[in-house]
Each structure stands twice: as C-alpha cells, then as structure tokens.
1. With the requirement that a residue be open to solvent by 20 Å² or more (accessible area, probe 1.4 Å), out of contact with any strand residue (DSSP E or B) (no Cβ under 8 Å at 6 or more places or on another chain) and within 22 Å of ASN65 (Cβ to Cβ), what does the stretch 128-172 give you?
2. Just name the residue that is nearest to the chain's Cα centre (by Cα) out of those in the stretch 154-168 that are within 18 Å of GLY181 (Cβ to Cβ) and touching a residue at least 40 places away in the same chain (Cβ under 8 Å).
3. Which ones in the stretch 108-153 are among the polar types (S, T, N, Q) and in contact (Cβ under 8 Å) with a residue 60 or more places away in the chain?
4. Since TRP206 meets every condition but one in (1) more than 19 Å from THR95 (Cα to Cα); (2) at pLDDT 95 or above, which condition does it not meet?
5. Inspect the stretch 110-127 for any residue being in a loop (DSSP other than H, G, I, E, B), of a type in the set (A, V, I, L, M) and touching a helix residue (DSSP H, G or I) at 6+ places or on another chain (Cβ under 9 Å) and give the result as yes or no.
6. Pick from VAL22, VAL18, VAL57, VAL3: which is at pLDDT below 95 and open to solvent by less than 30 Å² (accessible area, probe 1.4 Å)?
7. So how many residues does the stretch 63-79 have that are touching a residue at least 60 places away in the same chain (Cβ under 8 Å) and buried (at least 18 other Cβ atoms within 10 Å of the Cβ)?
8. For the stretch 80-107, give me each residue that is in contact (Cβ under 8 Å) with a residue 24 or more places away in the chain, open to solvent by less than 30 Å² (accessible area, probe 1.4 Å) and not in a strand (DSSP E or B).
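The values are calculated or read from the model by the stated rules, or taken from the named source; none is laboratory data. Note that the structure is a prediction, hence the values are computed from the model and not measured. Quick reminder, even Gly has a Cβ in these numbers, built from the backbone with ideal geometry, and neighbours come from all protein chains shown. In case anyone asks, the SASA skips ligands and DNA or RNA and just uses the protein heavy atoms, side chains included. Shrake-Rupley method; radii C 1.70, N 1.55, O 1.52, S 1.80 Å.
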Amino acid sequence: MTVAQGASQAQAIDLKIVDDQVETYDLSMIEGKLVRLRALRAQDAGHHVRWRNDPEVVHWAAGGNPCFGPVTAEAVELGFETMLRLNPKESAVFTVEDLADGTVIGMVDYRDLDPFAGLATVGVTIGERDRWGCGHGSEALRLLVGHLFGVFGLHRIELDTWSGNERAVRTFIKAGFREEGRRRSTVLVASKRYDTVLFGMLREEWPDTTR
C-alpha cells in the first residue's frame, strides 16, 4: 500500500429507497489482511455499550477514567447521534471488523484535523479481549494512518496513551510512531500516578510513503 494509493479499498453494494425508486451505492471500506475499517452504523452502539462496561477494556483504554465507563446505553446513544453526524473533514469514527468472520472488534477515530497545518490526532480501541495481542489493533491503526496520509495528505499524526499501558505503547511503535515526550503524573490509576506518553509520526516517516 502506498500513500498515493491510500489504503486498499473493497466495495460493498447497499440499497436505499428514494422517492419509491431503488438506488444502489457503494460503501467504501478500508481493508488490510486482518481487519477492515468501515463507517460507523447506529447498530454499532450495542458493542460500544458492552466495551465501555467491561472493566478490563475501561482500565486499558482509558486508565479507568470514569468518563469512559461504566456508561448507560442511553448515554452511548446520545453520543452516537453526534458521531454519526461528524464531518469527515474534521473527525470521524470507524468500526473495526475482523476479516476472518466479520465480527465487530473495536473502533478507530481521528479528530482535530487541521488541513492548513496538516495535523490530526488518532485513537484505537480493540474492545474484544480475545483479539488482544493478535495484531488487529496494530493493523487497524496502520490502515487509519495510511488513509489520513493518503486521502488528506497530512504532514503529521499524533496520539497518546498512559504509561502503564505497555501493550498500547508496543502497538504504536509497531505501527511506526515515535515517542516524543511525556506529560508527567497526569493519569491516576488505582491510587498510583502514571505519565501520559505522547507519540507522533511525520509523513516522511510513514513506511509506505511514496517519495
């Protein structure tokens, strides 16, 4: 995959009714070898409710931050009303599916996209614990990065995690990110303080960049 090409695209055909006429349209999906990224759907809310009420997912994804979970289905539905209407020129949320069986296993997102400076912040959460440590998160992140460098022509992408989440640190480094600094003692987990670890990647550092 090259930045010029963007991530590989697979097309699915869906139907919609317009003035009693059936029309077809393409749903673009970004596919790798393990996972695909697709547009968020309203029915994905149930997965988010389950993940955000799983103590292990909340612990590793957000350092136990109560703003992430536990959470009610009603609160997630309200959030989905916003997420489903995000302007992709600024931010978007993609659902991550396992290519092996189509199971919804997580999400990736980008936000704070600045087309003038060429910057964006990204995130990844694999909510299905049986997919942890299998490479799904790394590939989902790489697909998102390839999409942003390729389609939007960004110069820089960044993300962060808390220093106790060593699996996330390994995932980010495996995807090509570099640790750039730390905000010391910003995360409180079980009465212990951790740093926020900051990562970044420049366009010329992306392995698939066409020079």
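1. ARG129, GLU166, ARG167, ARG170
2. That would be LEU159.
3. THR125
4. Status for TRP206: all satisfied but (2).
5. No: the stretch 110-127 contains no residue that is in a loop (DSSP other than H, G, I, E, B), of a type in the set (A, V, I, L, M) and touching a helix residue (DSSP H, G or I) at 6+ places or on another chain (Cβ under 9 Å).
6. Testing whether each residue is at pLDDT below 95 and open to solvent by less than 30 Å² (accessible area, probe 1.4 Å) leaves just VAL3.
7. The number of residues fulfilling the criteria is 1.
8. The answer is PHE80, and nothing else.
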